[in-house]
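My questions all concern the structure below.
Read the figures in this text as sums done on the coordinates, not as results from a lab. Just so it is clear, the structure is predicted and the values come from calculations on it, not from any experiment. Note that each Cβ is placed from the backbone with ideal geometry, even for glycine, and that neighbours are counted across all protein chains shown.
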């Protein structure tokens, strides 16, 4: 696996891979956040409250400074948190009548996972001391 990553870096260049993975992270983050917020609004029913929306979206929103600041360590932690959304998507996909919503959440969270790990690997590196 390590050799494959080194070959990939040699063929495409670290800068190009960093930009591609960053785009994947941004797009999948926005899609997943939209799906999660939509579900939060649908959970509350007739009453209007931001609590369900914040409960679903807050774990993602906490990583917004890391995404904006282009910090590879924050992206690595975001990859771990996206696994929770994959598990949640599997639960929704198994529920009656929720397969499409669950499958979309699984796809967006998996793309966020792969993109975040890719950015953590190919993103800007600190100079050794």
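Along the Cα→Cβ direction, 7 angstrom out, place labels at residue 26 and residue 83. What is the inter-label distance in nm?
Going from the residue 26 label point to the residue 83 one covers 2.8 nm.
Fewest to most neighbouring Cβ within 10 Å: what's the order for 66, 49, 116, 82?
49, 66, 82, 116
Using alpha-carbon pairs under 8 Å, 6+ residues apart, how would you state the relative contact order of the stretch 57-122 in percent?
This gives 35 percent for the stretch 57-122.
Given labels modelled 7 Å from the Cα in the Cβ direction, how far is it in nm from residue 61 to residue 103?
Roughly 3.1 nm, to one decimal.
To continue, here is another question. Once semi-axes √(5λ) of the Cα gyration tensor in Å is worked out from the coordinates, which option in (i) 20, 18, 14; (ii) 32, 16, 10; (iii) 24, 19, 16 does it equal?
Read-out taken from this structure: (ii).
Ranking 91, 1 by Cβ neighbours within 10 Å, fewest first, what do you get?
By the 10 Å Cβ count, ascending: 1, 91.
Now for a different question. Neighbouring Cβ atoms within 10 Å as the yardstick, rank 50, 77, 4 fewest first.
Ranked by crowding around the Cβ, least crowded first: 4, 50, 77.
Round to the nearest 10 and give me the degree value, 0 to 90, for the angle of helix 72-94's Cα axis relative to the longest principal axis of the chain.
40 degrees
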